[in-house]
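The values are calculated or read from the model by the stated rules, or taken from the named source; none is laboratory data. As the structure is a prediction and not an experimental result, all values here were calculated from the model. Note that we place each Cβ from the backbone using ideal geometry, even for glycine, and neighbour counts take in every protein chain shown. The accessibility values were calculated without ligands, DNA or RNA, using every heavy atom of the protein model including side chains. Shrake-Rupley method; radii C 1.70, N 1.55, O 1.52, S 1.80 Å.
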Amino acid sequence: AQSVDQPDAHVTLSEGASLELRCSYSYSAAPYLFWYVQYPGQSLQFLLKYITGDTVVKGTKGFEAEFRKSNSSFNLKKSPAHWSDSAKYFCALGASSFSKLVFGQGTSLSVVP
Amino acid sequence: NAGVIQTPRHKVTGKGQEATLWCEPISGHSAVFWYRQTIVQGLEFLTYFRNQAPIDDSGMPKERFSAQMPNQSHSTLKIQSTQPQDSAVYLCASSFGTGGSSYEQYFGPGTRLTVL
């Protein structure tokens, strides 16, 4: 069975600070990992993915994530954070190239001036 | 590229009525996925098609939900005898992967279904 955990329901930080949103997963085989962002009233937008290879992957909007097999994590990072980064972020796990995504519960990020 | 198109954007039905939701995937994408999003349950997978064939419907409530993909340009999700607990945002996503390049799913704007 696959599962994704985003332990922080809400994160608030100051503009200019570094952000790191946590994601851990449970899956017995090699994971396909994704981050999506959802702005209020909008749908999900793809940020970045890890499939294989380099464990630090870069995506859109200045975000990057690091895959750590040792502790089954795929944390999202950005520095510095901007107020426009305020949104809900979802980590997702797929079992293969064409498979359903299992999502975490999401982390609501507020970046305050 | 218009992205994934979903219609209608909002639908209100009475309890017991039928609802049909439409999805047009990105042209050239070979896989279409349906999810629903609620505050309580979060994002839940429903079903998906690849090259129009149903592949995995493990998330579909069996009795009242059905999905089809009659051609490569659209998919439908039909809910019969809608119940208040079916109220959610239904999201369609598409992806393509020609064997190695892209696996991410691109999501449409969603259909907000409200069952009164």
Give the peptides B:88-95, A:93-100 in descending order of average Cβ contacts within 10 Å, highest first.
-> B:88-95, A:93-100
In peptide A:99-106, how many Cβ atoms from other protein chains are near each Cβ within 10 Å, on average?
-> 6
Per residue and in cubic angstrom, what volume does the convex hull of the Cα atoms of the stretch B:13-98 have?
-> 90
Can you give the translational diffusion coefficient of chain A in µm²/s, computed by Stokes-Einstein from the Kirkwood radius over Cα pairs at 20 °C and 1.002 mPa s?
-> 153
Would you mind getting me the FRET efficiency between B:ASN51 and B:TRP22? Use the beta-carbon distance for r and R0 = 22 Å, nearest 0.05.
-> 0.70
Per-residue average of other protein chain Cβ atoms inside 10 Å, peptide A:89-97 -> 2
Aspartates and glutamates within cross-link reach of B:LYS78: Cα-Cα under 13 Å, excluding same-chain residues under 8 positions apart?
-> B:GLU18, B:GLU63, B:ASP86
Which of the lysines could be linked to A:LYS78 by a straight reach, that is with a Cα gap under 29 Å, when you skip same-chain ones fewer than 8 residues away?
-> A:LYS49, A:LYS58, A:LYS61, A:LYS69, A:LYS88, A:LYS100
Tell me, how many Å apart are the Cα centres for the stretch B:70-88 and for the stretch A:1-56?
-> 28
In cubic angstrom, how much convex hull volume per residue do the alpha carbon atoms of the protein assembly as shown span?
-> 125
Starting from the Cα-Cα distance between A:THR55 and A:SER79, subtract it from 0.36 nm times their residue separation and give me the gain in nm to one decimal.
-> 6.8 nm
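Got the relative contact order for the stretch B:13-98 handy, in percent, Cα pairs under 8 Å and 6 or more residues apart?
Details: 174 pairs, mean separation 36.6, N = 86.
Reported relative contact order: 43 percent.
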Averaging sequence separations of C-alpha pairs under 8 Å and six or more residues apart, then dividing by the length of the stretch A:3-112, give the relative contact order as a whole percent.
-> 38
Considering only protein heavy atoms and a 1.4 Å probe, what is the carbon-and-sulfur percentage of the accessible area of the stretch B:13-98?
-> 46
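How much of the accessible area of the stretch A:9-113, probe 1.4 Å, is carbon plus sulfur, in whole percent? Before the final figure, lay out the partial values.
Working: 2420 of 4830 Å².
C and S fraction of accessible area: 50 percent.
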Accessible area (Å², per residue) of chain A, counting only protein heavy atoms and a probe of 1.4 Å | 47
All aspartates and glutamates inside 15 Å of A:LYS77 as judged from Cα atoms, apart from same-chain residues fewer than 8 positions distant = A:ASP8, A:GLU15, A:GLU20, A:GLU64, A:GLU66, A:ASP85
Buried area at the B-A interface (accessible, heavy atoms, 1.4 Å probe, summed, Å²) = 1700
